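This report refers to the structure that appears directly beneath it.
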Amino acid sequence: MQSIDFQARRKRVAQHARELGFDAYLGTRQGALHYLSGAFMPWRGAVLVTADGHCEFIYWAMDASRVRAEGHQMEMYEFEFSDFPQLIRQRLEHHGLTRGKVALDLSHPGAAQVAPGMLTAAEYFDLSSHLPDIRFANGVDVIDDVMLIKDAAEIERLRHAAEVSDYGFEQGMNAVRAGATENEIAGEIERAIRRRGSTWSWAVTGGTEVGAGERTGFLRGVTQQATDRAIRQDEFVILDLHPLLDLYMADTALPVFLGKPDPVQSKLIDCWEETVQTMLASLTPGRPIAECASRGIAVFEKHGLSEFGLPLFGHGLGTCARTRPFINLRSRDVVTPGMVVALGTHLYRPGAGGMRLEYPVLIGEHGAEPLVRTEACVHRLP
């Protein structure tokens, strides 16, 4: 793998904080910690990047020695118990940041999901009450703007993670049969991706998701944690994989159909597959992301299935999956070469079943370049 220059990353964040009018960026999102440290940091922590280029980390003492050993040239300060906000205040004061403007990880406008690690209300109230002369503001764009366009080392890692998800999907699909449980299939997938180097199935939705039959058809149903429900003939099965390799994520979900679909299911498949191809074709450089989303919605409407299709068509991928570009009608981003997204297409009809696409794609000079070899379609099994 190509090496990553973490010092250069930290300098870019400092520079962008200055460009956006901030005196510092205080990042608490797990994706930001991973991006700037190079170490797996699952516990409460923060990275403080000042506008003049200094970078340091604040982290829970019970995991600090490992992170120090596995990270890259990390200046780290440790806290115990609930002293996280207190230590942040001390470090801000140490750098003379008792006034001015500080960027915080607070929220992604237009996104329902909360990125892991966003600052809590209690932490915000503590900081703002003890440092009343600092103007704390939502600063997710400080890090998101920097992470939005991937360099060669990142693309290499994202491609590797996607290839592992390919293998996991293949092994999972090979295990799909009448009588096998969702949990059994999830176990086969987990075994496969672990054997290929995945260190964590990162999704809060149950890690590796597998849903079958009526569990694929919950209205707006984006979550199918695996259960002991047995798979039956003539139904959809959704496989949704979330491997993590060297802190970079894949997000690959595809539907399988076991047996022969009935006319209602066939109509759903036709709509979903046309929407998928429309979305792949829409990702051309220069096009507003919101326009891409509107094209997908138009296909749902054309088939008379808009009440079952979601107006959400994916999200960014990197060290975080709750990150821009969010492919929906509220996005302000424009399709740009170097973006990597998990392209999504969701269609769920109660009583008939449903399908989900999450498909790692690199935006090239001429459009979408899938990072996986698995075809974006319904995979049929007899």
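All of the numbers you see were taken from the coordinates with simple rules; none came from a lab. No experiment lies behind these values; they were computed from the predicted model shown. So basically every Cβ, Gly included, is an ideal-geometry build from the backbone, and we count neighbours across all protein chains shown.
For R44, enumerate residues with amide H under 5 Å from its amide H, sequence gap 5+ or separate chain, H modeled in the peptide plane.
Residues meeting the criterion, in which the H sits 1.01 Å from N, are W60.
Just rank M355, M279, M74, fewest to most, by other beta-carbon atoms within 10 angstrom.
Ascending number of Cβ neighbours within 10 Å: M74, M279, M355.
For the stretch 116-125, just list the computed ³J(HN,Hα) in residue order, Karplus coefficients 6.51, -1.76 and 1.60, θ = phi - 60°, integers in Hz, with x standing in for Gly and Pro.
With coefficients 6.51, -1.76 and 1.60, one gets x, x, 3, 4, 7, 4, 4, 5, 5, 4 Hz.
May I ask you to evaluate 6.51 cos²θ - 1.76 cosθ + 1.60, the Karplus curve with θ = phi - 60°, for each residue of the stretch 132-139 and list the ³J(HN,Hα) values in order in whole Hz, giving x for glycine and proline?
Values, residue by residue: x, 8, 8, 8, 7, 9, 5, x Hz.
Taking neighbour Cβ counts within 10 Å as the exposure measure, how do H130, H94 sort from fewest upward?
Values: H130 15, H94 11.
Least to most surrounded, the residues fall as H94, H130.
Looking at the stretch 56-149, which chymotrypsin sites (Phe, Trp or Tyr not before Pro) are in a loop (DSSP not H, G, I, E or B) and have at most 12 other Cβ atoms within 10 Å? Don't jump to the answer; show the numbers that get you there.
Numbers: sites: F57, Y59, W60, Y77, F79, F81, Y124, F125, F136; in loops: F81.
Sites meeting the loop and neighbour criteria: F81.
Can you sort Y167, Y359 from fewest to most other Cβ atoms within 10 Å of each residue's own Cβ?
Values: Y167 20, Y359 26.
Listing Y167, Y359 from fewest to most nearby Cβ atoms yields Y167, Y359.
With viscosity set to 1.002 mPa s and temperature to 20 °C, compute the Stokes-Einstein D of the chain, Rh being the Kirkwood radius across alpha carbon pairs; µm²/s, no decimals. Please report the intermediate quantities before stating the final value.
Values: Rh = 21.7 Å.
Using the Kirkwood radius from Cα pairs, D works out to 99 µm²/s.
Please list, in order along the stretch 183-190, the HN-Hα scalar couplings obtained from phi with the Karplus expression 6.51 cos²θ - 1.76 cosθ + 1.60 (θ = phi - 60°), rounded to whole Hz, x for Gly and Pro.
5, 4, 5, 4, x, 5, 5, 4
Mind listing P(r) for the stretch 285-382? All alpha-carbon pairs, 5 Å bins, whole percents.
The percentages, shortest bin first, are 3, 13, 21, 24, 19, 13, 6, 2, 0.
What longest range of the chain stays clear of loop-exposed GluC sites (Glu not before Pro) (DSSP non-H/G/I/E/B, at most 12 other C-beta within 10 angstrom)?
Details: sites that count: E75, E80, E307, E365, E375.
Here the longest run is 81-306.
How would the stretch 229-351 be classified by its alpha-carbon gyration tensor: rounded, prolate or oblate, with rounded meaning a/c under 1.5 and the a/b versus b/c comparison settling the rest?
On the way: a/c = 2.60, a/b = 1.34, b/c = 1.94.
It is oblate, given that a/c is not under 1.5 and a/b is not larger than b/c.
Compute the angle between helix 84-94 and the longest alpha-carbon principal axis of the chain, please, reported from 0 to 90 degrees and rounded to the nearest 10.
Between the helix axis and the principal axis of the chain, the angle is about 50 degrees.
Where the centroid of each part is defined by its Cα atoms, how far is the stretch 140-189 from the stretch 238-277 in Å?
Cα centroid to Cα centroid, the span is 13 Å.
Can you give the translational diffusion coefficient of the stretch 6-147 in µm²/s, computed by Stokes-Einstein from the Kirkwood radius over Cα pairs at 25 °C and 0.890 mPa s? Present the calculation step by step, with values, prior to reporting the outcome.
Details: Rh = 14.9 Å.
The calculation lands on 165 µm²/s.
P(r) for the stretch 201-255, please, calculated from all Cα pair distances in 10 Å bins and given in %.
24, 52, 20, 4
With contacts defined as alpha carbon pairs under 8 Å and 6 or more residues apart, what's the relative contact order of the stretch 39-83 in percent? Before the final figure, lay out the partial values.
On the way: 57 pairs, mean separation 16.4, N = 45.
Computed over the stretch 39-83, the figure is 36 percent.
Between L20 and R66, what is the label-to-label distance in nm when each label sits 7 Å out along the Cα-to-Cβ direction?
Label at L20, label at R66, 3.0 nm between them.
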